[in-house]
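Input: a single structure, listed below in structure tokens.
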Amino acid sequence: MSKLPELINLDTIADNLADAVFIVDLEMEVVWLNQVAEEFFHTSFQIASGKKITELTAINKLDSLLNEVFEQQTELKTSYEETSVKVKRDDQRYYFKIAIKPVFNEDKLWGALVQLTDVTRFHEIEKIKTDFVSIVSHEFRTPLTTIIVGVEMLKEGMLGELTPRGKEVLEAIGSDCERLSRLIDNLMELSRIESGTIYVEAEPTDVNDLVQEAVRPLKIQSEKQGVELITDLPPELPPVAADFNKSVWVLTNLVGNALRYTDQGGTITVRVRQRSKRLFFSVQDTGSGIPKEHLDKIFRKYVQVSGPGRKGTGGVGLGLAIAKDIIMAHGGEIWVDSEVGKGTTFTFTFPVYQGSESVTLPNADPEGG
Ligand SMILES: Nc1ncnc2c1ncn2[C@@H]1O[C@H](COP(=O)(O)OP(=O)(O)OP(=O)(O)O)[C@@H](O)[C@H]1O
Ligand SMILES: [Mg+2]
């Protein structure tokens, strides 16, 4: 094995990395940076050293992320969304993924290593994909509507009587159309969220109205399925700050999921409770439950859990991803508790309405972190 020449030291290696790298102390002041960092942030070691990293990079998010690392004393474990930031430089937009590792000196926390990976290209591809999905799903809409209307006309006998077999086939076509239609709706909703062009208009919303509107379309289906659908709301709840249509959408999706994974004889309960300035909405079912190892994944796009006892669901795994985006845009949270064989409870929160306010979706403009 050949030896590394004397001339090649750690600086040489660090300067040849593709990422911008900083070392900061516990005050978050820059102690060291590599050449890529110097070039990207138009600085030099002399200017940068001793300066706060947030000031130098104008990435405010570094503050909270570094605090998190210093508190936990382990490397950053937050999601991609939470650690990627948009940075404007010379009229160009760049996206960075932030990684932070604590640095120890003789077992004592000393500072941190901050690494910024340029993921701009990745973002551009994501954008192209989102636009594509948006266009394609939009284009599917029109012919599908024609098909659905045609099927309805045939069903009602407006085009002549059908044989029993003909009716069966038509039923199958009809329910596949419904599936397609739901899929297209979800894809369109998702691309709208991802392109950051929709706003959540948080208005005072009556909770009872919201729940009734969400549950109504699923009443008949639950009766057919032999599943009891209960709503449990205390009287006199304050209005929540929510976008009516979008929050109905979330609740309908959760109840729809519950219906799909709950067998005859089961129960679904939609519950609302108030705790100080927040309302907790939960959808509890007595269905199949979700295995532990999948619990942290189901809010991601296109994730579905397979396994014994799981029937074909007709979805593609978008409902919860969209629901999470919508809830977060309202400043709320959503989570799940589940036990295999016992059932699942999804809970989300909405703030109590406190005056005029409107919020935008989180990825609408994550400027400067
Ligand atoms: N109440 C529930 N009980 C058991 N599993 C569930 C429940 N809700 C969701 N899941 C699991 O989480 C996965 C993701 O749910 P999600 O709503 O995102 O997608 P989907 O319902 O499969 O499809 P889509 O919502 O796009 O029509 C589901 O495929 C299912 O495996
Ligand atoms: Mg769903």
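For the reader, a short list of remarks on this structure follows.
- Scanning segment 203-241 for residues that are assigned to a helix (DSSP H, G or I) and either touching a residue at least 60 places away in the same chain (Cβ under 8 Å) or not assigned by TED's automatic domain parsing to the domain that holds G355 (or both) yields V207, V211.
- Residue check for T313: more than 20 Å from V200 (Cβ to Cβ) and modelled with pLDDT under 90: yes
- Options F96, F140; residue that is in contact (Cβ under 8 Å) with a residue 12 or more places away in the chain and either exposed (fewer than 14 other Cβ atoms within 10 Å of the Cβ) or not in a strand (DSSP E or B) (or both): F140
- The lone criterion from (1) within 16 Å of ligand 2 (Cβ to nearest atom); (2) surrounded by 15 or more Cβ atoms within 10 Å (Cβ to Cβ); (3) of a type outside the set (D, E) left unmet by K297 is number (2).
- Given (1) without any contact (Cβ under 8 Å) to a residue 60 or more places away in the chain; (2) small (G, A, S); (3) within 12 Å of ligand 2 (Cβ to nearest atom); (4) buried (at least 18 other Cβ atoms within 10 Å of the Cβ), index of the condition G317 fails: (4)
- Test result for S181, under 30 Å from H330 (Cβ atoms), outside the structural domain of F281 (by TED's automatic domain parsing), more than 16 Å from ligand 1 (Cβ to nearest atom) and part of a helix (DSSP H, G or I): no
- Filtered by the rule that a residue be among the acidic types (D, E), part of a helix (DSSP H, G or I) and modelled with pLDDT under 85, segment 59-92 gives E81, E82.
- Within segment 172-201, considering residues that are modelled with pLDDT of 85 or more and among the small types (G, A, S), the one surrounded by the fewest Cβ atoms within 10 Å (Cβ to Cβ): A172
- Residue that is nearest to E228 (Cα to Cα), among those in segment 263-291 that are among the polar types (S, T, N, Q) and assigned to a strand (DSSP E or B): T267
- Leading residue by the ranking (modelled with the lowest pLDDT) among those in segment 263-308 that are more than 10 Å from ligand 1 (Cβ to nearest atom), of a type outside the set (G, A, S) and farther than 27 Å from R216 by Cα: P308
The values are calculated or read from the model by the stated rules, or taken from the named source; none is laboratory data. Everything numeric here is computed off the predicted structure, so don't read it as measured data. Cβ: placed from backbone, ideal geometry, glycine included. Neighbour counts: every protein chain shown.
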